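Before any comments, here is the structure.
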Amino acid sequence: MALFAVQYTYTDDADRVAIYRPEHREHLDELHREGTLLLSGPLGGTPGGLLVVVAQSEEDALAKLDGDPFKREGVIIDRSAREWTVVIGEIAGA
């Protein structure tokens with residue numbers, strides 16, 4: 001298993017984001033409890049977020065996030081995953 005940084009880009013429709021945010025966060029909390037998701041949070045600037053996921057590959061990292069209500073409801077308009085190697089510091093669970 002490796003770490004992957006997944007970047008989400010959200011729609012500019014702030015109302016749509018707000019409607020589905022509670023369900024989105026509940027889903028991410030579940031992934032965190034099971035150890036798949038290590039970190040997540042919004043990014044400044046353009047609406048979006050960054051997630052750190054434990055997975056086998058970039059494709060697996062995205063597949064593990066396919067159940068996100070933000071994806072289902074079209075809040076995420078783009079997403080990408082890149083393997084990330086931590087050189088300095090530590091992440092619990094990694």
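The values are calculated or read from the model by the stated rules, or taken from the named source; none is laboratory data. Because the structure is predicted, anything quoted here is derived from the model rather than measured. Backbone-built Cβ (ideal geometry, glycine too); neighbour counts: all protein chains shown.
Some notes on this structure:
- Only a single criterion out of (1) under 11 Å from residue 6 (Cβ atoms); (2) in a loop (DSSP other than H, G, I, E, B) is not satisfied by residue 49, namely (2).
- Close pairs from region 1-26: first in contact (Cβ under 8 Å) with a residue 40 or more places away in the chain and basic (Lys, Arg), partner exposed (fewer than 15 other Cβ atoms within 10 Å of the Cβ) and outside any helix (DSSP H, G or I), Cβ under 8 Å, at least 6 apart: 16/74
- Just one of the listed residues (21, 25, 82) is at pLDDT 95 or above, on the phi < 0 side of the Ramachandran plot, basic (Lys, Arg) and part of a strand (DSSP E or B), namely 82.
- Per-region count, region 71-94, residues in contact with a Lys or Arg (Cβ under 8 Å, 6 or more places away or on another chain) and surrounded by 13 or more Cβ atoms within 10 Å (Cβ to Cβ): 4
- Given (1) among the acidic types (Asp, Glu); (2) surrounded by 12 or more Cβ atoms within 10 Å (Cβ to Cβ); (3) part of a strand (DSSP E or B), index of the condition residue 30 fails: (3)
- Looking only at region 28-40, residues that are in contact with a Gly (Cβ under 8 Å, 6 or more places away or on another chain) and either charged (D, E, K, R) or on the phi < 0 side of the Ramachandran plot (or both) come to 2 in all.
- Residue within region 39-46 that is under 15 Å from residue 3 (Cα atoms) and surrounded by 13 or more Cβ atoms within 10 Å (Cβ to Cβ) present: yes
- When residue 71 is tested against (1) without any contact (Cβ under 8 Å) to a residue 24 or more places away in the chain; (2) part of a loop (DSSP other than H, G, I, E, B), only condition (2) is not met.
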